[in-house]
1. Under a crude label model (7 Å from the Cα following the beta-carbon direction), how far is H443 from Q84 in nanometres?
2. What's the local net charge at S347, with K and R +1, D and E -1, over the other residues with C-beta under 12 Å away?
3. For the chain, what % of the accessible area comes from carbon and sulfur atoms, probe 1.4 Å?
4. Please list 3J(HN,Hα) in residue order for segment 316-329, calculated via the Karplus relation 6.51 cos²θ - 1.76 cosθ + 1.60 where θ = phi - 60°; whole Hz, with x for glycine and proline.
5. Can you give the accessible area per residue of segment 337-377, in Å², using a 1.4 Å probe?
6. So what J values fall out for segment 253-260 if you push phi through Karplus, 6.51 cos²θ - 1.76 cosθ + 1.60 with θ = phi - 60°, rounded to Hz, Gly and Pro as x?
7. Please work out how much accessible surface H76 shows to a 1.4 Å probe, ignoring ligands, DNA and RNA, in Å² rounded to 10.
8. Given a 1.4 Å probe, how much area per residue of segment 402-505 is accessible, in Å²?
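The values are calculated or read from the model by the stated rules, or taken from the named source; none is laboratory data. Just so we're clear, the structure is a prediction, and the values are computed from it rather than from any experiment. Cβ: placed from backbone, ideal geometry, glycine included. Neighbour counts: every protein chain shown. Quick note on the areas: whole protein, heavy atoms, side chains included, nothing else; ligands and nucleic acids left out. Shrake-Rupley method; radii C 1.70, N 1.55, O 1.52, S 1.80 Å.
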Amino acid sequence: MRRSLSLATIALSAAAILIAPIARAESDDSLPSPNAWTATSPTPATIDAAVAALPGIVRQVQAKTGIPGIAVGVVHDGKVVFAQGFGVRDVTTGAPVDADTVFQLASVSKPVGATAISWAVAKKLVSWDTPVHEYVPELQLSDPSVTKNVTIADMYAHRSGLPAHIGDDLEDLGFDRATIVQRLRYVPLDPFRAQFAYTNLGMMTGGVAAARAAHMSWPTLAKVALFDPAGMTRSSYRFADYLARPDRAVSHERVNGVWTHEETFDADAEAPAGSLSSSVNDMNRWLALQLGNGTLEGRSLIDADTLQVMRQPHITSAAAVEPAARSGWYGYGLNVDVTGTGAVRWSHSGAFATGAASFVNLLPSANLGIVVLSNATPVGAVEGIGAAFMDIAMTGSQSRDWLSTYLDAYGPLLTDRSLLADRTPPAGAKPSAPLDAYTGTYHNDYVGNAVVVRRGTGLSLRLGPSDHPKVFPLTSWGRDLFSYVPQGETIMARSAVRFDRAKGTVWIERLDDNGLGTLTRVG
């Protein structure tokens, strides 16, 4: 029987032709396949111009933002063409930043970690499609079918159904990894594999599953799979290793307009997703490995086809909001999108509110990559530097003020969302009941216990592990409303705490991003 082809079949076939490799028996082998072709490509002159402009770009950024320390590295055609530090690693000591200075990289941990997993996949120690529960049986989610089916790939593509940033609040309170994983079972899920939701602690379980499949801890897997063979001698997923580095950039926050070292964030609980520390010299080697399709300095370290899987789109991460806009996609631990000139771009940012920001941006068609590290609260500076560099490299000049663009983009992200933001307690504010009416133990399964106790003439709130809780003084705002100052990875200057004495509950704003901030009195 002869079958006719529908228009849809023809369209799909045409798309497949563009995507598939094209035989070039009688063509110029130097030409890229049609789906890899871009109208604008860097030239040696534009890349040289971009590299030459970098010191001025960084100094301009520091002059505008006051960021204490920045380090930048660039790799082109497998060679390091730039590696330099700017400013100081600690405003207290004035010690300078250099290319070996170790920074906290925050979420740039994700693509580096996915590289290590790619090695394990190539060695057939694990598969991206391995269900997480096979190696992390303590992960039990509120939907048993998701528990059974969620894979390492789902966690690394942020499509598990766990809500965005779930568990980050527990990490801030000092809960360990085991406790956070155990409490994910109490979290209502979004539809499975239907949408993107950036989830550090979910990705962590995927990385831990891969490490256990390889019979290693996560820091050991990263070391064996990537750091040792790639010669990344100053890289580690252990917070203790970062603290032990003598050439270490400490984190800085801006307090009353002055950059100061306040708090160092320990991200070991989310290790695969956020605890990497490294230097520009080390990260240049990672850039070269990625751009070299798993080959570094002539040595094949990771199978190219396997490595490419992490760099393919696996879910839409940012849908276009207007017809002419480009959508964004996410691979495994990596943003995958297209530049304004039509080039494929792999990128990721890292951000600790306590004072670390990082950015990697790779253009495989140009065999070009840049890494920017800083030791200050993220404001868009590292992305601005990376975008300005790539703009010059691709077109020969900056098409816009990229620093201002990213500063404006980060503004809303850094806005305090507390209902008490930019307010002060009313003069003479007092609770509407005696203090003892509020004291006691409040509980829900996700947060655990919140203990309200008398403290002199006021109240304090105890949150976190029972053996070493964090203690927060409560400030009265009148009636049954109080506040406290959160710690860790939050931009809230204060969090509202509201008691409902009739219901015997307390609502803690900082813990309520996913509707889990109401606790009931149990004692």
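1. With each label point 7 Å from Cα toward Cβ, the separation is 6.0 nm.
2. Every neighbour counted, the sum reads +1.
3. Carbon with sulfur: 53 percent of the solvent-accessible area.
4. For segment 316-329, the Karplus curve yields 6, 9, 8, 6, 4, 9, 9, x, 8, 7, 8, 7, x, 10 Hz.
5. Dividing the accessible area of segment 337-377 by its residue count gives 19 Å².
6. 10, 8, 10, 6, x, 10, 6, 9
7. That residue has around 40 Å² of solvent-accessible surface.
8. 53
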